[in-house]
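Undergrad: Take this structure, written in structure tokens, and hold onto it; I'll ask about it next.
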Amino acid sequence: MPMSRTLFLSRHPGAVEWARRQGLVVDQWLAHLEVAQVLPGDTVIGTLPIHLAAQVCARGGRYLHLSLDVPPQWRGRELTADELEAAGARLEGFRIEAEEHLPRDATRTREAFLQKLPAQDGRSLADELIRERRTSAED
């Protein structure tokens, strides 16, 4: 059985430097991830879009998100390792599972889209939103 690997995914030098300062043991430093290269038992660290993180989990990988509390004035620019530290950089594990994939249909109304999403009790999400609107209107 192959050994599990740790993959650190970032195209940001500050994030790579932050990870190195943390003493993370990383097998591969990547700027881009092909999800097909993730093997069961692998750990992927980074800031993946949710659909890619779900694919990592579906392949038997573990996803650790590099989470930050970024002040508004720092958004949209490269952050240094020191700034990442100041923004509370931390690794948080997530188990993500994709729900039903709904086909793209530009003519579908919002309500028709919501009607296909299940709510907790088996009703549609649209039914739940309508109930919430009625409840708040009565208050």
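Any read-out appearing in this document is the output of simple, stated calculations on the displayed coordinates, not a laboratory observation. The structure displayed is predicted, hence computed values, not measured ones. In this analysis, Cβ positions are derived from the backbone assuming ideal geometry, glycine residues included, and neighbour counts consider all displayed protein chains.
Undergrad: Relative to the present Cα-Cα distance, how much length would full extension add between R77 and T6 at 0.36 nm per residue of separation?
TA: 22.9 nm
Undergrad: Could you let me know the centre-to-centre spacing of region 82-100 and region 1-54, using Cα atoms, in angstrom?
TA: 12 Å
Undergrad: Could you size up the charge dipole of region 1-55 around its Cα centre, putting +1 on the beta carbon of Lys and Arg and -1 on that of Asp and Glu, and report it in debye to the nearest 20?
TA: Computed about the Cα centre, the dipole is about 140 debye.
Undergrad: Still on this structure, I have one more. Work out the length of the dipole vector of region 1-94 about its Cα centre, built from +1 on the beta-carbon of each Lys and Arg and -1 on the beta-carbon of each Asp and Glu, and round it to the nearest 20 debye.
TA: Here region 1-94 has a charge dipole of around 180 debye.
Undergrad: Could you derive backbone 3J(HN,Hα) for region 54-69 from the dihedral phi with the Karplus parameters 6.51, -1.76 and 1.60 (θ = phi - 60°), listing whole Hz in sequence and x where the residue is Gly or Pro?
TA: The phi angles translate into 5, 5, 4, 5, 5, 8, x, x, 9, 10, 10, 8, 7, 8, 9, 10 Hz.
Undergrad: What does the extension gain come out to for E97 and R20, with contour length at 0.36 nm per residue minus their alpha carbon separation?
TA: Extra length available between E97 and R20 comes to 24.8 nm.
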